[in-house]
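Report on the following structure.
What follows is calculated from the coordinates using simple rules that are stated; it is not laboratory data. Computed from a prediction, not measured in an experiment: that's the story for all the values here. Glycine gets a Cβ as well: all are built from the backbone with ideal geometry, and neighbour counts include every protein chain shown.
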Amino acid sequence: MIPFIDLTRQHAALREDLLAAAARVLDGSQFVLGGEGQALEAALAGRHGVRHGVGVASGTDALRLALLALGVGPGDEVLTPAFSFIASATTIVMTGAAPVFVDIDPETYALDVAAAERALTPRARAIVPVHLYGHPAPMDRVQAFARAHGLAVVEDAAQAVGAVWAGRPVGGWGDAACLSFYPTKNLGACGDAGMVLTDREDVAERVRRLRHHGDVARYRHDELGYSSRLDELQAALLSVKLRRLDAWTERRRRIAARYRDLLGGVGLGLPVERPGARHVYHLFTVRHAQRDALQKALADRGVGTAVHYPLPVPGQRVFGGRGEREYPEAWRAAREVLSIPSFAELTDDEVERVAAAVREACEQL
Ligand SMILES: Cc1ncc(COP(=O)(O)O)c(C=O)c1O
């Protein structure tokens with residue numbers, strides 16, 4: 001069996017360093033808002049070319065608090081892709097604003113900027129481009145569109161740490177960006193964690209207040225806030241992993257290149273990497289008209305796969321369960337996408353075996 005993902009391999013390789021980091025935090029016994037979090041915030045802000053990182057409890061909270069910090073609230077609309085993980089849209093609702101869904105570019109799965117233009121109303125206040133699967137959204141065009149219409153930009157970079165668009169890291173383009181350190185992410189914690197990145201002092205300040213009960217001084221609260229800090233233990237473990245991130249990303253890219261070599265000509269849609277994009281392959285997601293049959297054939301051959309995502313966001317009941325006609329590319333993607341194993345610890349032999357199984361399955365469909 002080749003698993004879709006296996007985190008035990010990553011943790012076995014880092015065991016000593018992770019245990020030493022955990023021991024350091026236990027010995028210091030400062031568990032919330034201390035030096036470990038600050039060091040991680042500075043390191044990630046620096047990598048993204050922005051002045052501030054603000055650690056929070058999850059990627060979801062990073063989106064929610066970034067939107068709130070930018071003043072998004074009741075009466076506002078926020079543009080977001082119709083095809084993404086649910087949190088790209090639920091966090092908009094959590095601020096009191098309404099999501100306005102936008103269909104996607106079928107090659108990169110990023111929101112289609114021309115469709116965003118058509119969906120614009122005078123109530124639009126912000127846009128949430130998602131760098132889905134690790135491929136950057138076209139941030140130069142998103143920024144130009146947002147500037148022309150006075151929209152704030154909150155990048156959902158949950159799946160894309162390390163990705164680059166036009167020479168600039170994603171997460172460093174918008175008014176703010178969210179990172180998720182959910183365990184399976186390219187940089188994953190040993191629990192939930194996330195971060196807001198921003199070059200704006202006012203946004204960083206406000207997220208720092210919002211993550212800690214809206215306090216302006218000790219036990220002084222001027223606005224409604226939340227309890228959403230990134231804890232010191234996760235920060236220390238993430239700092240260990242951050243040292244490996246570039247090597248892991250290179251490995252993911254090599255695996256993707258190998259899959260590309262091995263999977264041509266079998267009727268499968270392969271991920272694209274647009275000129276100017278550096279894809280980090282959080283997921284290596286292929287397309288096939290008979291996706292469910294392909295998934296079953298791979299399971300029969302011992303290859304783990306996953307569907308990201310089987311139902312577009314507006315199709316979810318929480319958002320009314322409709323939209324197939326308005327967002328045809330999102331619906332087509334939901335029917336056709338299949339993610340095959342692509343984590344950094346996959347061996348060369350496993351990559352060959354996955355590719356052979358995919359080829360064989362496609363030829364028999
Ligand atoms: C695109 C996207 N946005 C937001 C999130 C939310 O992050 P978290 O799970 O850390 O809350 C995730 C990951 O789960 C994601 O993949």
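Of note:
- Its residue count N fixes a reference of 2.2 N^0.38 Å for region 156-269, and the Cα radius of gyration divided by that reference is 1.37.
- Charge context of Pro74, other residues only, Cβ under 13 angstrom, K/R +1, D/E -1: 0
- Assuming charge only on the beta carbon of Lys and Arg (+1) and of Asp and Glu (-1), the dipole of the chain about its Cα centre is about 100 debye to the nearest 20.
- Dipole in debye (nearest 20) - region 88-169, about Cα centre, beta carbon charges: Lys, Arg +1; Asp, Glu -1: 340 debye
- Over the residues of the chain, the helix contribution to mean residue ellipticity at 222 nm works out to -12500 deg cm²/dmol, using -39500 (n - 2.57) for each DSSP H run of at least 4.
- Region 225-365, dipole about Cα centre (Lys/Arg Cβ +1, Asp/Glu Cβ -1), debye to the nearest 20: 340 debye
- Rg/Rh for region 1-155, where both radii come from Cα atoms and Rh is the Kirkwood radius: 1.06
- For the chain, a Kirkwood hydrodynamic radius built from all Cα pairs, placed in the Stokes-Einstein relation at 4 °C and 1.567 mPa s, yields a translational diffusion coefficient of 62 µm²/s.
- Building the convex hull from the alpha-carbon atoms of region 65-109 and averaging its projection over directions returns 3.1 nm².
- Tensor-based shape of region 1-64 (alpha-carbon gyration tensor, a/c under 1.5 rounded, otherwise prolate or oblate): oblate
- Net charge over other residues, Cβ less than 12 angstrom from the Cβ of Glu360 (K, R count +1; D, E count -1): +1
- Counting all C-alpha pairs of region 67-193, share separated by more than 23 Å (%): 24 percent
- Our note on the geometry: Cα centres of region 93-142 and region 303-365, 21 Å apart.
- Principal axis dimensions, region 288-331 - Cα atoms, whole angstrom, descending: 37, 20, 11
- The mean of 1/r over all pairs of different alpha-carbon atoms in region 263-342, once inverted, gives a Kirkwood hydrodynamic radius of 14.0 Å.
- Estimated Rh, region 315-365: Kirkwood, alpha-carbon pairs, angstrom: 13.8 Å
- Chymotrypsin sites (Phe, Trp or Tyr not before Pro) within region 177-261: DSSP coil, no more than 10 neighbouring Cβ in 10 Å: Tyr219
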